[in-house]
Amino acid sequence: MSQQGDVMLYQTDDGGDVTVTGGVMAMDGGLGTTVYLSLFGGNEDDPGGSDAGSSWWANLSETDPVDWYRSETQHLLQALAATSENLRRVEDAVNRDLAWLVTEGVASTVSATAAIPQLNKIHIAVSVVARGLATDFAFIENWKASV
């Protein structure tokens, strides 16, 4: 059996997971895993930016910053209070975490919106236009900040 693409990651209440059926890993031929890892990959204590001091351990040997996992989104969800005011900060972080898709020519546009559907949860909606085709992704994540 030939498998192509990326291992398909999906979100659960305690992080990402994979599906294995009959000993075969489910694969994703689209941008789903890429978007997921851009938002929730790496070290949640890493605020992004130019300081790599809290960076995910595997980034230390990666020479091209485009290939680093440095999710500002993931960091903010454990660092900021779950308020409507902070939704804009999270949306901005999502757009920054995914900006590399446009910079590297993978997509022509990326946009994100965020909402609070219930206590300590955030709904992040992402739209990616690649090769003229819009693909939408939705993530419900725990807002982990205890501030």
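The values are calculated or read from the model by the stated rules, or taken from the named source; none is laboratory data. From a predicted model like this one, the values you see are computed outputs, not experimental measurements. Here the Cβ is made from the backbone with ideal geometry for all residues, glycine too, and neighbour counts use every protein chain on show.
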So ALA99, is it within 18 Å of GLY30 (Cα to Cα) and assigned to a helix (DSSP H, G or I): yes
Do you know which residues across region 127-147 are closer than 15 Å to GLY15 by Cα and assigned to a strand (DSSP E or B)? ALA138, PHE139, ILE140, GLU141, ASN142
Selected residue [in contact with an Asp or Glu (Cβ under 8 Å, 6 or more places away or on another chain), surrounded by 14 or more Cβ atoms within 10 Å (Cβ to Cβ) and of a type in the set (A, V, I, L, M, F, W, C)] from ALA107, ALA125, ALA82: ALA125
Out of all the residues in region 67-76, is one or more in a helix (DSSP H, G or I), of a type in the set (Phe, Trp, Tyr) and farther than 17 Å from GLN11 by Cα? no
Within region 57-71, is there a residue that is charged (D, E, K, R), exposed (fewer than 15 other Cβ atoms within 10 Å of the Cβ) and modelled with pLDDT of 85 or more? no
